[in-house]
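First up is the structure itself, then whatever we jot down about it.
The values are calculated or read from the model by the stated rules, or taken from the named source; none is laboratory data. Since the structure is predicted, the reported quantities are computational estimates derived from the model, not experimental observations. So basically every Cβ, Gly included, is an ideal-geometry build from the backbone, and we count neighbours across all protein chains shown. To get the accessible areas, we keep the full protein, side chains included, count just its heavy atoms, and leave off ligands, DNA and RNA. Shrake-Rupley method; radii C 1.70, N 1.55, O 1.52, S 1.80 Å.
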Amino acid sequence: MIDFGQRALPGVRGLRAYDPGHDLVALRRQFEQPLVELGSNENPYGASPRAVQAAGAALERMHVYPDPRGGDLKRALAWHHRVESASIVLGNGSHELLMQFAQVFAGPGDEVVASQFGFAVYALAAQAAGAALMVAPAHSSGHAMPRGHDLEALLAAVGPKTRLVFLANPNNPTGTWFSHDSFAAFMARVPEDVIVVIDEAYAEFVDAPECASALSLLPEYPNLVVTRTFSKAYALAGVRVGYAIAHPDCIAVMERVRESFNVNAPGLAAAEAALGDVEHLQAAVDGNRVQREALASALRVWGLVVAPSQTNFLLVEFGPETDRVEAALRQRGIVVRPVGGYGLGDCLRITVGTAEENARLLVALGAVFA
Ligand SMILES: *Cc1c(COP(=O)(O)O)cnc(C)c1O
């Protein structure tokens, strides 16, 4: 009998699979009423009707392969972001692309830099590729963005073996962000042979003017990569579409290892339609902003510490009560995300729901605290 654990490549040997949180399918079966699902940062308002219709039409033709180039979606994205199509690679979610950047650009003997409390996929991507992960400490509690990325610390972690830096703006699970200006200054100091992947999964939710996208820095920095996703603000998490924008030479190399039909036909069609439905996106972003501020205020009234957020979720400190609160909410059909795996065992990550969902959360929390 083969010892598969030992036979796996060195990077994979020490790896633990991505933790997707609770088994929602099992939980849904357990409860008669629909759950309040605030654990996965999904968009509670649902996808654009135009995207649903486009995906349905694509399903009618499921016997044919999708466009392996994703040409229509790339052209729509190119126009949307004012870049060329050759600067874009599509992924089966941006998760796939994050893994692929590490696979292509980092290996045994190389180092990958990421922040403490950074998105879990960065560590997974580095380790799966066999590279060493170097973790830069996050800001501490005295800072305006406690637990947020510390760009100085990230710079200090970059050394001669560094091939890649992964960072998120805003970050998941902290919701924190750094300013465009500080990131521009960071890029100016990163060696030009180090590839910097900035994950902007929540960019559409951002309204702080200082937290502008890094896309505008692309012409200046060929070593910069920006990733985006249709899973969050565009509400297409179930059909798996993400993309990266970078220098065409970088994208050309990524295209060599991309699985030829990685984005399926309903996903391509839905993403293109969703991109065109500006009003639907705006309604979700506006709804999120109003509900996020209302939920944060309500939680702070209880004396809870709520991290600042430019996303569709809040990181909330429950201290020693964290596990009890999480379990009690779950018993009441409300799912939030434990983040102990991030070293944040005193916090829960709570996705901002609709007004009704947030009200149910607050009622349940009231009962738990009573
Ligand atoms: C949700 C998320 C992603 C990606 O999701 P996909 O569905 O794979 O596109 C990437 N980065 C961060 C920080 C996220 O929170």
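Of everything listed in (1) of a type outside the set (D, E); (2) touching a Ser or Thr at 6+ places or on another chain (Cβ under 8 Å); (3) closer than 19 Å to M254 by Cα; (4) not in a loop (DSSP other than H, G, I, E, B), the single unmet condition for P68 is (4).
Table: residues versus (1) more than 17 Å from H80 (Cβ to Cβ); (2) surrounded by fewer than 17 Cβ atoms within 10 Å (Cβ to Cβ); (3) at pLDDT 95 or above; (4) over 13 Å from the mean Cα position of the chain (by Cα).
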residue	(1), (2), (3), (4)
P191	yes, yes, yes, yes
I195	yes, no, yes, yes
E210	yes, yes, yes, yes
S213	no, no, yes, yes
L217	yes, no, yes, yes
P222	yes, yes, yes, yes
I245	no, no, yes, yes
P248	yes, yes, yes, yes
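Count of the range 183-211 residues, restricted to those that are closer than 26 Å to V305 by Cα, more than 14 Å from the ligand (Cβ to nearest atom) and among the small types (G, A, S), is 1.
Residues checked against (1) touching a Cys at 6+ places or on another chain (Cβ under 9 Å); (2) outside the structural domain of R228 (by TED's automatic domain parsing); (3) more than 12 Å from Y243 (Cα to Cα):
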{"residue": "S40", "(1), (2), (3)": "no, yes, yes"}
{"residue": "A54", "(1), (2), (3)": "no, no, yes"}
{"residue": "W79", "(1), (2), (3)": "no, no, yes"}
{"residue": "V83", "(1), (2), (3)": "no, no, yes"}
{"residue": "L90", "(1), (2), (3)": "no, no, no"}
{"residue": "H95", "(1), (2), (3)": "no, no, no"}
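For R240, the conditions (1) modelled with pLDDT under 95; (2) buried (at least 21 other Cβ atoms within 10 Å of the Cβ); (3) not polar (S, T, N, Q) are fulfilled apart from (1).
Reported count of residues in the range 319-342, each being touching a residue at least 60 places away in the same chain (Cβ under 8 Å) and either crowded, with 18+ Cβ neighbours inside 10 Å or in the same structural domain as A138 (by TED's automatic domain parsing) (or both), is 9.
In the range 85-105, the count of residues that are acidic (D, E), open to solvent by 10 Å² or more (accessible area, probe 1.4 Å) and away from the ligand (no atom under 15 Å from the Cβ) is zero. Of all positions in the range 359-367, none carries a residue that is free of Cβ contacts under 8 Å to residues at least 60 places away in the same chain and in contact with a Cys (Cβ under 8 Å, 6 or more places away or on another chain). Of the residues P170, P160, which is modelled with pLDDT of 95 or more and surrounded by fewer than 23 Cβ atoms within 10 Å (Cβ to Cβ)? Checking each option against the conditions leaves just P160. Pairs linking a residue in the range 293-318 that is outside the structural domain of H143 (by TED's automatic domain parsing) and hydroxyl-bearing (S, T, Y) to a residue that is within 16 Å of the ligand (Cβ to nearest atom) and open to solvent by less than 20 Å² (accessible area, probe 1.4 Å), with Cβ atoms under 6 Å and 6 or more positions apart or on different chains, are S309/G175; T311/P170; T311/G175; T311/Y202; T311/F205. Here the range 78-108 is the region considered, the condition is being touching a residue at least 40 places away in the same chain (Cβ under 8 Å) and of a type in the set (D, E, K, R), and the residue that is nearest to E42 (Cα to Cα) is E96. In the range 3-55, how many residues are closer than 19 Å to A129 by Cβ, assigned to a loop (DSSP other than H, G, I, E, B) and free of Cβ contacts under 8 Å to residues at least 40 places away in the same chain? The number of residues fulfilling the criteria is 3. Restricting the range 265-318 to residues that are acidic (D, E) and open to solvent by 30 Å² or more (accessible area, probe 1.4 Å), the residue that is farthest from E356 (Cα to Cα) is E272. Selection of the range 251-271 for residues being within 13 Å of F105 (Cα to Cα) and among the β-branched types (V, I, T) yields I251, V253, V257.
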